[in-house]
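First the structure, in the form of structure tokens, and then the observations on it.
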Amino acid sequence: MPKWFRPDLTENDVTPEEIYLNRRKFMKAAGVLPLFPALAACDGQDTSAKAATGENTLKPTPYEDITGYNNFYEFGVNKSDPAREAHRLTTKPWHVTIDGLVEKPGVYPLEDVLKGMDIEERIYRFRCVEAWSMVIPWNGFMLRDLLKRVGVKPEAKYVAFETLHRPEEMPGQKYPVLKWPYREGLRLDEAMHPLTLLATGLYGKPMPNQNGAPIRLVVPWKYGFKSIKSIVRISLVKEQPPNTWNMMQPDEYGFYANVNPNVSHPRWSQATERRLGEGLFGKRVPTLMFNGYEKEVAHLYKGMDLRKFY
Ligand code: MTE
């Protein structure tokens with residue numbers, strides 16, 4: 001039985017570094033991601049992973065909540081808009097431009113991007129800046145595997161990402177609610193961290209359009225807005241790239257956006273979160289530093305003032 005249907009999932013079942021690095025890879029992608037719902041990729045868990053403790057129990061959020069309540073402003077500003085509108089998006093064919101400071105720049109068909117990549121399951125906490133959260137079984141591969149394949153030049157210090165701009169299929173783009181296309185960025189060491197995924201599915205199914213089909217970023221220790229959806233461009237650059245929410249509201253959204261219960265959003269606390277799919281009002285649980293991935297990522301920010309670099 002897949003792990004995510006088991007009622008006895010605990011904190012130890014979320015994917016930390018030492019587990020996924022040893023885990024058997026359960027699929028080599030060959031073009032389009034097939035369905036693989038019955039694979040129990042998390043069997044044989046290493047229970048030493050107690051980095052994140054507290055009351056933050058983990059039970060994967062129901063599929064309906066993950067796919068029915070989310071942000072994807074290209075389809076509207078309400079949480080129910082993406083599920084209703086995203087069927088308009090055509091994801092075949094799909095190309096990803098990889099450019100900037102790389103050895104092998106190009107406009108790559110998605111099939112070529114996925115070819116030979118190890119698609120694995122990662123059960124990650126997902127924390128939105130708006131203080132709701134989910135636990136999501138993603139299917140994806142490490143961004144660093146793609147970056148290694150295209151060859152990052154030594155001068156590159158950051159990775160910039162861009163979402164598709166296609167207003168005829170993304171009705172939200174007809175309105176200037178954000179500066180289109182949606183943009184995000186990571187420092188190169190964040191992008192190369194093995195927790196950083198390019199996800200192509202969830203719950204063993206191809207990525208639903210509203211969750212960022214056909215390929216999106218997942219950075220589990222950062223607030224959800226860093227996890228840019230429906231990516232069409234990945235650029236290796238020298239300078240810190242602009243990111244959409246920071247361009248819109250720089251006092252509220254920084255470049256780093258690391259989950260940090262000790263630094264409040266200017267308009268609300270970040271100390272707790274409401275877990276979606278757990279009853280009418282959702283259970284409130286304490287938010288963990290770096291969303292529970294402190295052991296894995298704190299070293300990236302050593303010596304940095306996290307109030308300044310929020
Ligand atoms: N990517 C694009 N292109 N457009 C968006 O509006 N919203 C972000 C992020 N990525 C967004 C995006 C925000 S605010 C969140 S919380 C997450 O996507 C939601 O991801 P989910 O659908 O997996 O919950």
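The values are calculated or read from the model by the stated rules, or taken from the named source; none is laboratory data. This one's a predicted model, so the numbers in the text were calculated from it and none came from an experiment. Glycine also receives a Cβ, built like all others from the backbone with ideal geometry; neighbour counts cover every protein chain displayed. Side chains included, ligands, DNA and RNA excluded: accessible areas come from the protein's heavy atoms. Shrake-Rupley method; radii C 1.70, N 1.55, O 1.52, S 1.80 Å.
In the full protein context, region 131-192 carries 36 Å² of accessible surface per residue, based on a 1.4 Å probe and ignoring ligands, DNA and RNA.
Rounded, prolate or oblate, given the Cα gyration tensor of region 91-181, with a/c below 1.5 counting as rounded? Verdict is oblate for region 91-181.
In this structure, the residue pairs whose Cα-Cα separation is over 28 Å, taken from Lys92/Lys174; Lys153/Lys222; Lys92/Lys238, are Lys92/Lys238.
Taking a virtual spin label 7 Å from the Cα of Lys238 along the C-beta vector, which residues in region 176-193 bring their backbone nitrogen under 17 Å of it? Flagged as within label range: 188.
Taking all protein chains together, Lys222, Lys205, Lys104 sort by accessible area into Lys104, Lys205, Lys222, largest first [probe 1.4 Å]. Sorted on the mean count of surrounding Cβ atoms within 10 Å across their residues, most packed first, peptides 211-219, 263-271, 74-82, 249-257 read 211-219, 74-82, 249-257, 263-271. Per the 1.4 Å probe, what fraction of the accessible area of region 152-310, in percent, lies on carbon and sulfur atoms? Ligands and nucleic acids excluded, carbon and sulfur give 55 percent. Remark: the Cα gyration tensor places region 191-292 in the oblate category, a/c being 1.5 or greater and a/b not exceeding b/c.
Mind running the shape call on region 176-240? Use the C-alpha gyration tensor, a ≥ b ≥ c as the square roots of the eigenvalues: rounded below 1.5 for a/c, prolate if a/b tops b/c, oblate otherwise. Since a/c reaches 1.5 but b/c is at least a/b, the shape of region 176-240 is classed as oblate. How many angstrom lie between the C-alpha centres of region 132-175 and region 258-307? Computed from Cα coordinates, the inter-centre distance equals 22 Å.
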